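The values are calculated or read from the model by the stated rules, or taken from the named source; none is laboratory data. The structure displayed is predicted, hence computed values, not measured ones. Because the Cβ atoms are built from the backbone with ideal geometry, glycine has one as well, and the counts that use them run over all protein chains shown. For accessibility, only protein heavy atoms count, side chains too; no ligands or nucleic acids. Shrake-Rupley method; radii C 1.70, N 1.55, O 1.52, S 1.80 Å.
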Amino acid sequence: MRNKQLKLILVSTPIGYLGSGKGGGVELTIISLVKGLISLGHKIILIAPKGSKIPFESELLEIKLIDGIDQPSWQHQKRTDPVLIPSNSVLPKLWETAIDLANHSDAVINFAYDWLPLWLTKTHEIKIFHLISMGAESLIMKEIISQISQLFPYQLAFHTKRQSEDYCLKTDPIIVGNGFDMENYSFNEKKNGPLGWAGRIAPEKGLEDAVRVAKDLGEKLLVWGLIEDKEYASKIENTFTKESIEWKGFLPTNEFQDQLGLCRALINTPKWNEAYGNVIVEAMACGVPVIAYDLGGPGELIEDGFNGFLVKPNDIEGLINATKSISEIKRKNCRDWFEKKATNKVFAQRVQNWLYKGLNKKYL
Ligand code: UDP
């Protein structure tokens, strides 16, 4: 079984097309993993919302684009809200296509943080593997993920251990981390640049804490990311002056990393159980140390004092002190950490091991 070429169907997030930014970190995770799995010789059919773009071609990759309405994302609903499927939703259409093709594949990998594909695991003969991309943001999602863990424990994987702790799991969680294409990020040695922050502009990302740090130090924070919550963004704009924040927009990876690499530190201030934190690793790939709250993914990606600093959640003073000490971190450490732990090659190998393990076992 080892090293056997797998025929895989990857089903994308239904929150937005790949490249829209609406899907958050999952978009880059999918693109990086497709390339990594192809480099290991696997054959991929990617099913994704219409408009999705993959920045490379391969004879091992086929893309099927599906039209339909975006799903609402769970992180902006109440914990007890029911499952929503809008009329003409892209989610069931993605899965109709996956089910049609599944008999000719070894496995289907789901990237949607949504109820339907998890539930389908119980009813179909096809092997659906789920890379869970968030902590438990909703009760019904927590329930279905816990149920699937009881029935098919090896068909679930998580980005980090702390993320997985939100769920009631039958066995130790399978942790696959994440990974990014090394060719897309250049190491930048420059040490004295500005402070940066990156992510979706939405309350769970806590941008206001990072702006406070910049304001206190009399600096301007550079901010990259999609404005997902306009009300939240204008509240920040009204609280701070133009001297403390500069909106850089949502950029494609090549431009994003070019600008990010000039920073002397990235500040990462989540207010939720961040499942991973792509931007942390993208910064490190450019040689930029990261100062982050010690919760969720950031707490596992940052080795305090080696590739950045960890600070108690919501501790602004702690962030300020860490920022003042950032020159103690060697930028080379950050790049080295990335090359060892989070390239798309090592990520794809971990995912491959997970699939082999799940395909070999019988449950129930
Ligand atoms: N990003 C981007 N361009 C930008 C700013 C951010 O492409 O100008 C991407 C970044 O590469 C990352 C994603 O936005 O993949 C944010 O993902 P993260 O895991 O940090 O947070 P999430 O949005 O998933 O909560």
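Observations on the structure shown:
- Just one of the listed residues (Lys7, Lys35) is closer than 22 Å to His159 by Cβ, open to solvent by 20 Å² or more (accessible area, probe 1.4 Å), of a type in the set (D, E, K, R) and touching a residue at least 60 places away in the same chain (Cβ under 8 Å), and it is Lys35.
- Which numbered condition Pro173 misses (of (1) crowded, with 17+ Cβ neighbours inside 10 Å; (2) touching a residue at least 24 places away in the same chain (Cβ under 8 Å); (3) of a type outside the set (Asp, Glu)): (2)
Results for (1) over 20 Å from Gly25 (Cα atoms); (2) open to solvent by 60 Å² or more (accessible area, probe 1.4 Å), shown as yes or no for each residue.
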site: Gly68; (1), (2): yes, no
site: Pro82; (1), (2): yes, yes
site: Pro86; (1), (2): yes, no
site: Val90; (1), (2): no, no
site: Thr97; (1), (2): yes, no
site: Phe111; (1), (2): no, no
site: Leu120; (1), (2): yes, no
site: His124; (1), (2): yes, yes
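- Filter pass, His130 being assigned to a loop (DSSP other than H, G, I, E, B) and within 19 Å of Val11 (Cβ to Cβ): no
- Test: residue in the stretch 326-337 that is touching a residue at least 60 places away in the same chain (Cβ under 8 Å) and open to solvent by 30 Å² or more (accessible area, probe 1.4 Å): yes
- Scanning the stretch 238-257 for residues that are loosely packed, with under 12 Cβ neighbours inside 10 Å and acidic (Asp, Glu) yields one hit, Glu243.
- For the stretch 256-281, taking the residues that are in a strand (DSSP E or B) and more than 11 Å from the ligand (Cβ to nearest atom), the one that is nearest to Pro298 (Cα to Cα) is identified as Ile267.
- Pairs with Cβ under 9 Å, 6+ apart, first in the stretch 230-255 and more than 16 Å from the ligand (Cβ to nearest atom), second open to solvent by 100 Å² or more (accessible area, probe 1.4 Å) and not hydrophobic (A, V, I, L, M, F, W, C): Phe240/Arg212; Phe240/Lys215; Thr241/Lys215; Glu243/Lys215; Ser244/Arg212; Ser244/Lys215
- Residue among Glu219, Glu204, Glu208 that is within 12 Å of the ligand (Cβ to nearest atom), open to solvent by less than 70 Å² (accessible area, probe 1.4 Å), outside any strand (DSSP E or B) and within 22 Å of Ile320 (Cα to Cα): Glu204
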